[in-house]
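Student: Dumping the structure here so I can ask a few things about it.
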Amino acid sequence: KEVGGVKVKNLRHLVELLRDTKSKYTTIAFDDRFSETIVFDHQAALKATDEVLSDNGIRQQASDDLITVWKKQ
């Protein structure tokens with residue numbers, strides 16, 4: 001539904017919002033009145049990404065098209 005108070009338009013937009021956030025904490029609100037909002041330290045999450053992927057046997061962070069969006073700055 002929203003990342004940092006900005007309504008997410010599509011998956012590409014979600015990646016852009018996560019990539020471009022400048023705030024210390026990132027909030028993700030889901031489109032369900034019973035779901036909770038996730039809040040995490042943005043820099044800590046970025047630093048932990050490789051370890052989380054490795055620990056869970058995930059070979060790459062995202063699909064090739066979304067990795068291209070993530071790396072574009």
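The values are calculated or read from the model by the stated rules, or taken from the named source; none is laboratory data. Just so you know, these numbers come straight off a predicted model, no measurement behind them. Backbone-built Cβ (ideal geometry, glycine too); neighbour counts: all protein chains shown.
Student: Find all pairs meeting these conditions: Cβ atoms under 7 angstrom apart; at least six residues apart or on different chains; first residue within region 27-41 and under 16 Å from N10 (Cβ atoms) and among the charged types (D, E, K, R); second residue at pLDDT 85 or above and part of a strand (DSSP E or B).
Tutor: Going by the 7 Å Cβ cut-off, there are no qualifying pairs.
Student: Right, something else. For region 1-37, which positions are closer than 19 Å to L66 by Cβ and small (G, A, S)?
Tutor: G4, the sole residue that qualifies.
Student: Another question about this same structure. Go through region 53-66 and count every residue that is within 21 Å of D20 (Cβ to Cβ), more than 12 Å from the chain's Cα centre (by Cα) and surrounded by 10 or more Cβ atoms within 10 Å (Cβ to Cβ).
Tutor: Total meeting the criteria: 2.
Student: Looking only at region 6-25, count every residue that is part of a loop (DSSP other than H, G, I, E, B) and either in contact (Cβ under 8 Å) with a residue 12 or more places away in the chain or in contact with a Phe, Trp or Tyr (Cβ under 8 Å, 6 or more places away or on another chain) (or both) and tell me the total. I'd like the intermediate steps shown before the answer.
Tutor: If we filter region 6-25 for residues that are part of a loop (DSSP other than H, G, I, E, B), which is where we start, we get 8-10, 21-24.
Cutting the leftovers down to either in contact (Cβ under 8 Å) with a residue 12 or more places away in the chain or in contact with a Phe, Trp or Tyr (Cβ under 8 Å, 6 or more places away or on another chain) (or both) gives us 21, 23-24.
So the answer is 3.
Student: Let me ask something additional. Of all the residues that make up region 42-73, how many are part of a loop (DSSP other than H, G, I, E, B), among the hydrophobic types (A, V, I, L, M, F, W, C) and more than 19 Å from H13 (Cα to Cα)?
Tutor: 1
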